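Novice: I have a structure here, written as structure tokens, and I will follow up with some questions on it.
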Amino acid sequence: MRRLPPMLAAVLWGACCGAWLGAARTGASAAGLAAKAEALGPWALPGVGHGATLASWAPAAAGAAFFGLSLGLGVGALLGLWVGGTRLLPSRVGAGLHWAALAPAGWAGAQGDLGLGAALLAAALGAVAAHGGAARDTGGWLGRAGLAGVVALGLVPWALAPEGPFTRLRDAVLLASPPGLALNDWYYRWTLYPAETLKPLAARTQPTLAPDPRVPPDQAEAVCRDALALGILCVSPGSPAAEVTATPGPEGLLLEASGARTPWPEAPRAQAEAWRAVSESADGSRPLRHATLAALLGGVPVAGCWALAAVAGWLTAWLPP
């Protein structure tokens, strides 16, 4: 890594960490989707051909690409920018400040997401290592930062586009060229699987509920009827497709998922609120979703501007003095 420019090394290593996490998470999510499809039938998933795909390596590969280019690239850029910036401070001010790059890993661990914490820890240590052997180059960093600022100003019209920057990027770039069309088609074909790892319980593909065997048959039938009105499909107790369990409680039925419990009322509107409540309480993907959003909105633009600035700097080096 020390043979590469520090910022580039931090970004590339961050992308590798994101790809590792994405492959692991999406592989596990695909296994869960495969069990759900086997229990419910192929119609439980949108589109066709998911059965063969879920049993292959394709979902894990799609997750590696998706999270490597979103979470990993953005986190690597943000951590590289932080560590590189603190290295330029006077030693009495910046000594040890670069180790604050470990804070996101601590936050993820405190949220209970150990996999995300491990990926962020590896990315932070990579950024520190990449900048550790680099000579202090204040002038070079300031020059590249200035070029990045010029690039960012050039992108302002895209950010202020009436239709939105992402829509304009899709219409004017992705849909206007064969490589862009191929990338757009790949995104819509394969991102169902990594996207499933980011969704809360209520937003997953075909949410399911299983009445506990201790629930009386007539009450279980009523629960399933009310759940179906909310788009939740009932499955048999013990089914691998079951995501939420309706269990008897001291004052009525409870919805239980991942240790979270919420009373199941009788009023339809209150039932919708209970479903959202248990989905939010059992939302183990929240840390990953927040980290990915921060990386997409903060780190990926930084990586893009920095890359364009590096290309601009490389081209200006060829100009005659």
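The values are calculated or read from the model by the stated rules, or taken from the named source; none is laboratory data. In this text, all values refer to a predicted model and were calculated from it rather than measured experimentally. Methodologically, a virtual Cβ is constructed for each residue, glycine included, from the backbone with ideal geometry; neighbour enumeration extends over all protein chains shown. Just so you know, the surface numbers come from the protein's heavy atoms only, side chains and all, with ligands and any DNA or RNA stripped out. Shrake-Rupley method; radii C 1.70, N 1.55, O 1.52, S 1.80 Å.
Novice: For the stretch 214-226, does any single residue satisfy the condition of being surrounded by 19 or more Cβ atoms within 10 Å (Cβ to Cβ) and within 25 Å of Ala31 (Cβ to Cβ)?
Specialist: Looking for residues that are surrounded by 19 or more Cβ atoms within 10 Å (Cβ to Cβ) and within 25 Å of Ala31 (Cβ to Cβ), one finds none in the stretch 214-226, hence no.
Novice: Can you find, within the stretch 265-274, the residue that is most open to solvent (accessible area, probe 1.4 Å) among those that are at pLDDT 90 or above and among the hydrophobic types (A, V, I, L, M, F, W, C)?
Specialist: Taking the candidates together, the pick is Ala270.
Novice: Any residue at all in the stretch 209-225 that is within 30 Å of Gly109 (Cβ to Cβ) and either in contact with a Phe, Trp or Tyr (Cβ under 9 Å, 6 or more places away or on another chain) or among the hydrophobic types (A, V, I, L, M, F, W, C) (or both)?
Specialist: Step one: of the stretch 209-225, the residues within 30 Å of Gly109 (Cβ to Cβ) are none.
No, there is no match, as no residue in the stretch 209-225 is within 30 Å of Gly109 (Cβ to Cβ) and either in contact with a Phe, Trp or Tyr (Cβ under 9 Å, 6 or more places away or on another chain) or among the hydrophobic types (A, V, I, L, M, F, W, C) (or both).
Novice: Let me ask something else. Given (1) modelled with pLDDT of 90 or more; (2) surrounded by fewer than 17 Cβ atoms within 10 Å (Cβ to Cβ), where does Ala312 come up short, assuming only one miss?
Specialist: Here Ala312 clears every test but (1).
Novice: For the subset of the stretch 215-239 comprising residues that are within 22 Å of Leu201 (Cα to Cα) and polar (S, T, N, Q), which member is farthest from the chain's Cα centre (by Cα)?
Specialist: Here the residue is Ser236.
Novice: Condition first: open to solvent by less than 80 Å² (accessible area, probe 1.4 Å), farther than 9 Å from Gly74 by Cα and touching a helix residue (DSSP H, G or I) at 6+ places or on another chain (Cβ under 7 Å). Now tell me which residues in the stretch 297-309 satisfy that. Break it down stepwise before answering.
Specialist: Here is the first cut: in the stretch 297-309, the residues open to solvent by less than 80 Å² (accessible area, probe 1.4 Å) are 298-307, 309.
From what's left, farther than 9 Å from Gly74 by Cα: 304-307, 309.
If the condition is that a residue be open to solvent by less than 80 Å² (accessible area, probe 1.4 Å), farther than 9 Å from Gly74 by Cα and touching a helix residue (DSSP H, G or I) at 6+ places or on another chain (Cβ under 7 Å), then Cys305, Trp306, Ala309 are the ones that fit.
Novice: Something else about it: Looking only at the stretch 153-173, which residues are open to solvent by 40 Å² or more (accessible area, probe 1.4 Å) and either in contact (Cβ under 8 Å) with a residue 40 or more places away in the chain or in contact with a helix residue (DSSP H, G or I) (Cβ under 8 Å, 6 or more places away or on another chain) (or both)? It would help to see each step written out before you state the result.
Specialist: First, the residues of the stretch 153-173 that are open to solvent by 40 Å² or more (accessible area, probe 1.4 Å): 153-160, 162-163, 165-173.
Matches in the stretch 153-173: Leu155, Trp158, Ala159, Glu163, Pro165, Arg168, Leu169, Arg170, Val173.
Novice: Any chance the stretch 193-200 includes a residue that's open to solvent by 50 Å² or more (accessible area, probe 1.4 Å) and without any contact (Cβ under 8 Å) to a residue 12 or more places away in the chain? Walk me through it before giving the result.
Specialist: Keep residues of the stretch 193-200 that are open to solvent by 50 Å² or more (accessible area, probe 1.4 Å), which gives 199.
Remaining after also requiring without any contact (Cβ under 8 Å) to a residue 12 or more places away in the chain: none.
For the stretch 193-200, residues open to solvent by 50 Å² or more (accessible area, probe 1.4 Å) and without any contact (Cβ under 8 Å) to a residue 12 or more places away in the chain: absent.
Novice: Still on this structure, I have one more. Only one of (1) of a type in the set (Gly, Ala, Ser); (2) farther than 24 Å from Ala60 by Cβ; (3) modelled with pLDDT of 75 or more; (4) open to solvent by less than 50 Å² (accessible area, probe 1.4 Å) fails for Ala118. Which number is that?
Specialist: (2)
Novice: Now for a different question. Taking the stretch 275-296 as the search range and keeping residues that are in a helix (DSSP H, G or I) and among the hydroxyl-bearing types (Ser, Thr, Tyr), which one is surrounded by the fewest Cβ atoms within 10 Å (Cβ to Cβ)? Before you say what the answer is, go through the steps one by one.
Specialist: First pass over the stretch 275-296, keeping only residues in a helix (DSSP H, G or I): 275-281, 286-296.
Keeping just the survivors that are among the hydroxyl-bearing types (Ser, Thr, Tyr) gives 279, 281, 292.
Values: Ser279: 22, Ser281: 17, Thr292: 24.
Top of the filtered list is Ser281.
Novice: Here are some conditions: (1) closer than 17 Å to Cys17 by Cα; (2) open to solvent by 60 Å² or more (accessible area, probe 1.4 Å). Val93 meets all but one. Which one does it not meet?
Specialist: Here Val93 clears every test but (1).
Novice: Within the stretch 217-226, identify whether any single residue is within 18 Å of Lys199 (Cα to Cα) and in contact with a helix residue (DSSP H, G or I) (Cβ under 8 Å, 6 or more places away or on another chain), and answer yes or no. Working first, answer last.
Specialist: Residues of the stretch 217-226 that are within 18 Å of Lys199 (Cα to Cα), as a first pass: none.
No, that holds for no residue.
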